[in-house]
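Quick notes on the structure that follows.
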Amino acid sequence: PSSGAGGGSAGSRGASPGRTVLAPRETATRRKGKVRRGRGKARNEGLLSKQKRSRRMKANDRERNRMHHLNSALDALRSVLPTFPDDAKLTKIETLRFAHNYIWALTQSLRLA
């Protein structure tokens, strides 16, 4: 009976290594599944690249609109600043610096008056 129990426990121990042997097979099957999923990703890569392209195009449109608005605002600012050569267009940074200095000069003239 003890050898039978021992044999039974040895058999169950034998089944446990058998399961251990199956576990790598299951792991291999899972790996194959992951490889298949990787292939599925290859199919989805086209969709992902389309989404990325779409997002990039939308971001480009937002940036383009932002720059158009900024340039329009700078043009409006240039139109109210007194420049002596009317045909000379100030750069963006020159416009901002000139506007700052012009506002400062006007403020000083108001303080003195």
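Quick notes on this structure:
- With each label modelled as a point 7 angstrom along the Cα→C-beta vector, the residue 89-residue 47 pair spans 4.6 nm.
- Backbone geometry of segment 82-90 corresponds, through the Karplus equation with coefficients 6.51, -1.76 and 1.60 at θ = phi - 60°, to 3J(HN,Hα) couplings of x, 10, 6, x, 5, 7, 7, 8, 6 Hz, x marking Gly and Pro.
Laboratory data are not the source of any read-out in this text; all were calculated from the coordinates shown. What you see is a predicted model; the values in this text were computed from it and never measured. All Cβ positions, glycine included, derive from the backbone under ideal geometry; neighbour counts span all protein chains shown.
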